[in-house]
Amino acid sequence: MKRTMGIFLVVFMIDSCSILPRSATIADFMPRETDVPGWVIARQYRLNDMKKIERVIPYHTDYDPVELVAADYNYLSDTSRIIRVEIIRFHSSLDAFGLYSRERGFDAAVRFIDDDTYSSEHGIFFRLGKYYVKISGENLNEQQRSSFEQFRGVVRQNLKKHTVEEQLPDYLPPLSGGNSTRNVIYYKKGIDTIPGGQALFVMRRAIAGRNYDIVSVKLPAMLDSEHEFHRILKSSDGAFMLSRIGNLQLAIRIISDSEYLFISWYKHWIFGVLNAENMNEGNRVILYLFGEIKMRAEKRS
């Protein structure tokens with residue numbers, strides 16, 4: 001009797017486990033065929049190796065992706081017409097924002113739906129929490145391209161049930177010249193013109209009637225920013241000239257006859273301008289930024 005009871009309990013436990021709801025996977029966020037009438041799933045694939053992901057889309061690995069899942073949907077009456085959905089999961093919202101912003105760039109031709117969603121001639125792209133989603137197509141007419149929005153709505157709704165938004169650094173919108181991140185790009189591995197710098201934000205801003213590419217990062221401690229500034233100087237192998245305006249130390253790099261890079265530090269901040277046209281202009285912009293950062297630092301102290 002005890003032996004029979006033991007077997008019954010084991011079978012019951014196995015059956016119980018089989019009916020328990022499993023955790024959602026990234027593939028579960030894909031639209032089902034019933035969600036997108038007129039479209040049928042033709043192919044699905046999943047990559048969870050950074051090297052393989054990098055072969056699909058360059059510099060994905062700059063932001064340490066965890067997993068990429070993609071699916072192709074064929075138009076029911078013409079299989080040459082395809083909508084492709086790619087969902088990339090990252091370790092953090094900032095990493096997801098990094099790739100989203102990097103691929104978006106400062107392209108004036110994109111149409112923003114909100115800060116974290118835009119459309120272009122290539123498709124619709126959005127970020128939600130740790131996920132970056134790309135919806136694109138092949139051989140589509142205008143009517144079929146209108147299905148991008150339907151696909152976006154389904155994926156977004158599926159993701160919202162299983163993700164929690166992590167806030168981006170709170171200093172980003174004010175420093176970018178407004179309350180938006182539409183003109184901000186995050187370079188986790190830094191940029192070539194500032195050797196040794198990492199986790200840099202580049203923002204396109206209008207100052208005195210001209211657009212400048214501003215670079216900045218706020219570090220946890222004041223000593224960190226000073227060390228970072230000197231690490232950039234050491235990594236640059238003599239590419240920077242040193243200068244001062246009052247107590248503000250500047251490093252200046254000549255990119256070309258009409259392009260100068262200025263970078264400095266103050267308290268927790270590394271900041272600078274990437275595309276000043278001459279020395280005087282670079283000095284003016286760096287002082288303008290210094291005034292903003294100093295005012296923000298004093299409000300927080």
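Structure data summary
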{"quantity": "Sequence of S258, S136 once ranked by neighbouring C-beta atoms within 10 Å, starting from the fewest", "calculated": "S258, S136"}
{"quantity": "Which of R152, R284 has the fewest Cβ neighbours within 10 Å, and the rest in rising order", "calculated": "R284, R152"}
{"quantity": "J(HN,Hα) series, region 177-189, from Karplus relation 6.51 cos²θ - 1.76 cosθ + 1.60, nearest Hz, glycine and proline x", "calculated": "x, x, 10, 9, 9, 5, 10, 10, 10, 9, 10, 5, 9"}
{"quantity": "Most to least packed among 105-111, 244-250 [average Cβ atoms within 10 Å]", "calculated": "244-250, 105-111"}
{"quantity": "Shape box of region 25-160 [Cα atoms, principal axes, largest first, Å]", "calculated": "40, 33, 28"}
{"quantity": "Burial ordering of R231, R43, R296, fewest other beta-carbon atoms within 10 Å first", "calculated": "R43, R231, R296"}
{"quantity": "Relative compactness, the chain, computed as alpha-carbon Rg over 2.2 N^0.38 Å", "calculated": "1.28"}
{"quantity": "Base-10 log of normalised Debye intensity for region 191-301 (one unit scatterer per alpha-carbon) at q = 0.22 Å⁻¹", "calculated": "-1.33"}
{"quantity": "Average silhouette area of region 175-226, convex hull of alpha-carbon atoms, in square nanometres", "calculated": "4.5 nm²"}
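Rule-based calculations on the coordinates, nothing more; no lab input. Keep in mind it's a predicted model, so treat the numbers as computed, not measured. Glycine gets a Cβ as well: all are built from the backbone with ideal geometry, and neighbour counts include every protein chain shown.
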